[in-house]
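Peer 1: Here it is, the structure, as structure tokens.
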Amino acid sequence: MCNSSDFSPAGVPILRHKQREREWQSTTYVDDSWLKRIEQHADKYLGEAESVFHELVSDKVHIDVHVVRPTPERNYYTLYTTGMSALPMNTPEDAQEYEYAELMICLPPDWPLLQEELENSENYWPIRWLKTMARLPHDYDTWLSWGHTVPNGDPALPLSGNTDMCAFIVLPPLEVHEDFLTLDMEDGQTVQFYAILPIYLEELEHKLEHGLDALLDQFETHHVNEILDLNRINTCVSFP
């Protein structure tokens, strides 16, 4: 459940999700034709996936993570989900065109992704969070869209031992053709594609205090994009 009665100083609603007590729910899978269209769309703009992390046990929705290897043109791993769009999100009435979405994250070309390497939580956390955020709207009867932020707890704690970043922001990816951002399906529905970017506590607070545009200005000034950089500059370190 969530409570939207809290607002940040910038007027941004703060939803506080509470653990839901519910029974295990049967899993909804994406339709084969729906899945094929997403994969073809990703192949065209991101490159063909070399492998897929298949979810073995699923509750409500089945989330797989597709892995696109680095290339000379896109010298980083691109990981994207399928399954988040198996069910519509609970969007506001004026945002129903954003009911369906999938997520992606980009990792450096030397990121450890072998099965044995992913047993180390400091290597696995981007995948775990990609799946967690893809499942979040369905677990809490809410929605995710561009500009939404999700902290690692309350108070927010570092995402891993190898970074001080402690939250994610959902944004359209920058390092891809703009035609990738949406996919019109045959039934008239539209799937939105978003990147999730890890951010620092000061950046999260800056967005809550001054609004999304103020944070995006900082990102633009410091050339922040969707490619994970564990050591990138904290763009709001000088702000309270």
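Peer 1: Tell me, yes or no, whether segment 160-168 has at least one residue that is within 20 Å of residue 82 (Cα to Cα), in contact (Cβ under 8 Å) with a residue 40 or more places away in the chain and not hydroxyl-bearing (Ser, Thr, Tyr).
Peer 2: No, the conditions are met nowhere in segment 160-168.
Peer 1: Taking the condition over 22 Å from residue 38 (Cβ atoms) and exposed (fewer than 15 other Cβ atoms within 10 Å of the Cβ), does residue 220 pass?
Peer 2: yes
Peer 1: Given (1) within 17 Å of the chain's Cα centre (by Cα); (2) within 24 Å of residue 61 (Cα to Cα), where does residue 174 come up short, assuming only one miss?
Peer 2: (2)
Peer 1: Being touching a residue at least 40 places away in the same chain (Cβ under 8 Å) and either within 19 Å of residue 104 (Cβ to Cβ) or within 16 Å of the chain's Cα centre (by Cα) (or both) is the requirement here; does residue 180 meet it?
Peer 2: Taking the combined requirement at face value, the residue satisfies it.
Peer 1: Determine whether residue 138 is over 18 Å from the mean Cα position of the chain (by Cα) and surrounded by 21 or more Cβ atoms within 10 Å (Cβ to Cβ).
Peer 2: no
Peer 1: Just the residues that are among the aromatic types (Phe, Trp, Tyr), in contact (Cβ under 8 Å) with a residue 60 or more places away in the chain and in contact with a helix residue (DSSP H, G or I) (Cβ under 6 Å, 6 or more places away or on another chain), please, taken from segment 186-240.
Peer 2: Answer for segment 186-240, where residues must be among the aromatic types (Phe, Trp, Tyr), in contact (Cβ under 8 Å) with a residue 60 or more places away in the chain and in contact with a helix residue (DSSP H, G or I) (Cβ under 6 Å, 6 or more places away or on another chain): just 193.
Peer 1: Those residues that are of a type in the set (S, T, N, Q), at pLDDT 95 or above and within 22 Å of residue 109 (Cβ to Cβ), I need them from segment 189-237; list them, please.
Peer 2: Listed by number, the list holds a single entry, 225.
Peer 1: Sticking with this one: Considering only residues that are closer than 15 Å to residue 29 by Cβ and assigned to a strand (DSSP E or B), look in segment 67-95 and name the one that is farthest from the chain's Cα centre (by Cα).
Peer 2: 82
Peer 1: Would you mind stating whether residue 186 is assigned to a helix (DSSP H, G or I) and either modelled with pLDDT of 95 or more or over 20 Å from residue 105 (Cβ atoms) (or both)?
Peer 2: Considered against the rule, which asks whether it is assigned to a helix (DSSP H, G or I) and either modelled with pLDDT of 95 or more or over 20 Å from residue 105 (Cβ atoms) (or both), residue 186 comes out as no.
Peer 1: How many residues are among the small types (Gly, Ala, Ser) and assigned to a helix (DSSP H, G or I) if we restrict to segment 189-232? It would help to see each step written out before you state the result.
Peer 2: The first filter runs over segment 189-232 and keeps only residues among the small types (Gly, Ala, Ser), leaving 195, 211, 214.
Narrowing further to those that are assigned to a helix (DSSP H, G or I): 214.
Residues in segment 189-232 being among the small types (Gly, Ala, Ser) and assigned to a helix (DSSP H, G or I): 1 in total.
Peer 1: Could I ask something else about it? Go through the residues of segment 152-161 one by one and say whether even a single one is in a helix (DSSP H, G or I), over 17 Å from the mean Cα position of the chain (by Cα) and more than 19 Å from residue 126 (Cα to Cα).
Peer 2: No, there is no match, as no residue in segment 152-161 is in a helix (DSSP H, G or I), over 17 Å from the mean Cα position of the chain (by Cα) and more than 19 Å from residue 126 (Cα to Cα).
Peer 1: While we're here: Return the residues of segment 115-132 that are farther than 23 Å from residue 157 by Cα and at pLDDT 95 or above; say none if nothing qualifies.
Peer 2: 116, 117
Peer 1: Scan segment 93-122 for residues that are surrounded by fewer than 16 Cβ atoms within 10 Å (Cβ to Cβ), within 26 Å of residue 37 (Cβ to Cβ) and either of a type in the set (Gly, Ala, Ser) or in contact (Cβ under 8 Å) with a residue 40 or more places away in the chain (or both) and jot them down.
Peer 2: 95, 97
The values are calculated or read from the model by the stated rules, or taken from the named source; none is laboratory data. Predicted, not measured: the structure shown is a model, and the values here were computed from it. Positions of Cβ are backbone-derived with ideal geometry, glycine not excepted, and every protein chain shown enters the neighbour counts.
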